[in-house]
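**Student:** The structure follows.
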Amino acid sequence: MPTIVHDFAWPDRVVVGTVGHPGSRTFYLQARTGAQLVSVALEKEQSAVLAEKIDEILDELMVNDGNRFSVPSTIPVELVDNEPLEPVFEQFRAGAMGLGWDPTTAQLVVEAYPLIEAEPVPDDPAAELEWETGEPMIEPAELLVVRMPVGTARAFAKRTREIVGAGRPLCPLCGSPMDPEGHVCPVGDDV
């Protein structure tokens, strides 16, 4: 069965947002073009790394070749999006993610693949194998591809960092998240 690709070439909106309260939030990567809306669940760490890597790519593009792609160092005010997520209907939970640069359109490309619970594949000489591992290749049922212009990508990364940082406060001793009731700190006394 061919992979269903949810492709957003020039999205009207692309954001990371959450549903739930700190400590029990679910993170979503949400993209919309017109009436097409897709929400993919992410881990908090995936969201944080995605924002970090987007900024790294943009910062590198700014200094290479005299910033020929007009990568902004700050976020254009018209691209700031502090609105909540639109209604969330989870398409899938992301497993692997990819991030790349398309110089032909001057866009960052984010790919999200569903989390695959691999089942043992019987020995089949006709099965396609991944060249690096020799393991059977598993075609994902779905794939999200979002292409973001550089200004949108800069705003996306900033918002994502803010969303990730809005969780529970961290313990000053051990660095673990603290609930409103406190927590048992393995380094020091109860906090």
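**Student:** Karplus couplings for segment 165-170 from phi (6.51 cos²θ - 1.76 cosθ + 1.60, θ = phi - 60°), rounded to Hz, Gly and Pro as x?
**Tutor:** Rounded to whole hertz, the list is x, 8, x, 5, x, 8.
**Student:** Can you list the residues, at least 5 places off or on another chain, whose amide H is less than 5 Å from the amide H of residue 168, using H built in the peptide plane?
**Tutor:** HN-HN under 5 Å from residue 168: 23.
**Student:** Give the calculated FRET efficiency between residue 141 and residue 56 to the nearest 0.05, with a Förster radius of 41 Å applied to their Cβ-Cβ distance. Walk me through the numbers on the way to the answer.
**Tutor:** Numbers: r = 31 Å, r/R0 = 0.75.
Approximately 0.85, to the nearest 0.05.
**Student:** Send over the semi-axes of the chain's equivalent ellipsoid, whole angstrom and largest first, taken as the square roots of 5 times the C-alpha gyration tensor eigenvalues. Spell out each step's value before the answer.
**Tutor:** Working: eigenvalues 174, 140, 63 Å².
Result for the chain: semi-axes of 30, 26, 18 Å.
**Student:** Can I ask one more? Report the relative contact order of the chain, percent, no decimals, based on alpha-carbon pairs under 8 angstrom and at least 6 residues apart.
**Tutor:** Values: 318 pairs, mean separation 52.1, N = 191.
So the answer I get is 27 percent.
**Student:** Over segment 4-115, with a single point scatterer placed on each C-alpha, what log10 of the ratio I(q)/I(0) does the Debye formula yield at q = 0.14, 0.20 1/Å?
**Tutor:** The Debye formula, applied to the Cα set alone, gives -0.63, -1.25.
**Student:** Non-local amide H neighbours of residue 6 (under 5 Å, H modeled in plane, Pro and chain starts lacking H): which ones?
**Tutor:** Long-range HN contacts for residue 6: 143, 144, 145.
**Student:** ³J(HN,Hα) across segment 140-151 via Karplus (A = 6.51, B = -1.76, C = 1.60, θ = phi - 60°), whole Hz, x for Gly/Pro?
**Tutor:** x, 5, 9, 8, 9, 10, 10, 10, 10, x, 4, x
**Student:** At 20 °C and a viscosity of 1.002 mPa s, what translational diffusion coefficient does Stokes-Einstein give for segment 142-191, taking Rh as the Kirkwood radius over Cα pairs? Give it in µm²/s as a whole number.
**Tutor:** Numbers: Rh = 13.7 Å.
It comes out at roughly 156 µm²/s.
**Student:** The chain: longest stretch without exposed GluC sites (Glu not before Pro) (DSSP loop, at most 11 other Cβ within 10 Å), sites themselves excluded? Provide the component values of the computation, followed by the final result.
**Tutor:** Numbers: sites that count: 117, 128, 130, 132, 181.
Here the longest run is 1-116.
**Student:** Which order results if 53, 158 are arranged by neighbouring Cβ count within 10 Å, fewest first? Working shown, then result.
**Tutor:** Details: 53 15, 158 18.
By the 10 Å Cβ count, ascending, the order reads 53, 158.
**Student:** In a shell of Cβ-Cβ distance under 11 Å around residue 147, excluding residue 147 itself, what net charge do Lys and Arg (+1) and Asp and Glu (-1) give? Kindly include the intermediate steps, with their values, before the conclusion.
**Tutor:** Values: positive: none; negative: 7, 102, 111.
After counting each charged neighbour, the total is -3.
**Student:** Averaging over all projection directions, find the projected area of the Cα convex hull of segment 1-44 and quote it in nm² with one decimal place.
**Tutor:** Working: hull surface 16.9 nm².
Directional mean of the projected Cα hull area for segment 1-44 stands at 4.2 nm².
**Student:** Then there is this: Would you please give the residues with an amide H less than 5 Å from that of residue 183, counting only those at least 5 places away or on a separate chain, with H modeled from the backbone geometry?
**Tutor:** It is 191, by chain and number.
**Student:** Among 109, 71, 19, determine the one that fluctuates most according to a GNM of the chain built with springs between C-alpha atoms less than 10 Å apart.
**Tutor:** So, out of 109, 71, 19, the one fluctuating most is 19.
**Student:** Using just the helices of the chain, give the 222 nm mean residue ellipticity in deg cm²/dmol: DSSP H runs with n ≥ 4 each add -39,500 (n - 2.57), and the total is spread over all residues, rounded to 500. Walk me through the numbers on the way to the answer.
**Tutor:** Working: 2 runs with 36 residues, N = 191.
Result for the chain: -6500 deg cm²/dmol, rounded to the nearest 500.
Bear in mind these aren't lab numbers, they're just calculated from the coordinates by the rules spelled out. Only a predicted model underlies this, so the values are computations on that prediction, with no experimental measurement involved. We place every Cβ from the backbone using ideal geometry, glycine too, and count neighbours over all the protein chains shown.
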